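Participant: I have a structure I would like to understand better, so I am pasting it below and will then ask my questions one at a time.
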Amino acid sequence: MIADLFWHVASSGPALGILGLLLLLCLVVGWLPFAKYIPVIGPEVLPARLVALLVALLIAFLAGVRSADQRATLDSLKAALAVQSADLDIASQSAADANARAAKIEQAANDQKKADDDYIASLKSSPACLLDDSDIRALERRWCGSTGRGTTCCLAGCLGLDAARRCLSVS
């Protein structure tokens, strides 16, 4: 972690900028024509040339480190993007499968409703199912009367007309 922080700071823009200024200063002092004849700068010409060479190598190295770090980050982001793209493809395929299953379920429900409607239509034409509400009430009054023999004979009140019709057609 500290090493990563060191290389991040050492290869940052400000650090490379400071090294660039130092390189420029060393180049001016080391290769300025007639600089070695100026008494104040003369003794510093050879060391300035050496420092300029070393700083140039250091800048090249740090720029390479920065470039490699950026390349690694870019590769990492490309891999993350590829994973997200694959996840998105899988999610869209899953949604398509869910829609297909929902369509099959809806089709099965529609088929079942049609079969139920056909069965109900066939029951309406059956003589056992020709009872209407007044017939059920009359049967209820006849069987239950005012004595109230319990809920078993009061079919229309307890079970509803459809259940009463089914029970009466069975018995």
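No value in this document is a laboratory result; all are computed from the given coordinates. Computed from a predicted structure; not experimentally measured. Counting neighbours? That spans all protein chains shown, and the Cβs are built from the backbone with ideal geometry, glycine included.
Participant: Can you order the peptides 4-10, 99-105, 59-65 by their average number of other Cβ atoms within 10 Å per residue, highest first?
Facilitator: 59-65, 4-10, 99-105
Participant: Sort 51-57, 106-112 by packing, meaning the average of other beta carbons within 10 Å per residue, with the highest value first.
Facilitator: Ranked by mean Cβ neighbours within 10 Å, highest first: 51-57, 106-112.
Participant: While we're on this one: If you split all Cα-Cα distances of the range 2-99 into 10 Å bins from zero, what percentages do you get per bin, shortest first?
Facilitator: The percentages, shortest bin first, are 14, 25, 18, 15, 11, 7, 5, 3, 1.
Participant: Evaluate the Debye formula for the range 56-105 with equal point scatterers sitting on the alpha carbons, no solvent, and hand back log10 of I(q)/I(0) at q = 0.16, 0.19, 0.20 Å⁻¹, in q order, two decimals.
Facilitator: Values, matching the q order: -0.63, -0.71, -0.74.
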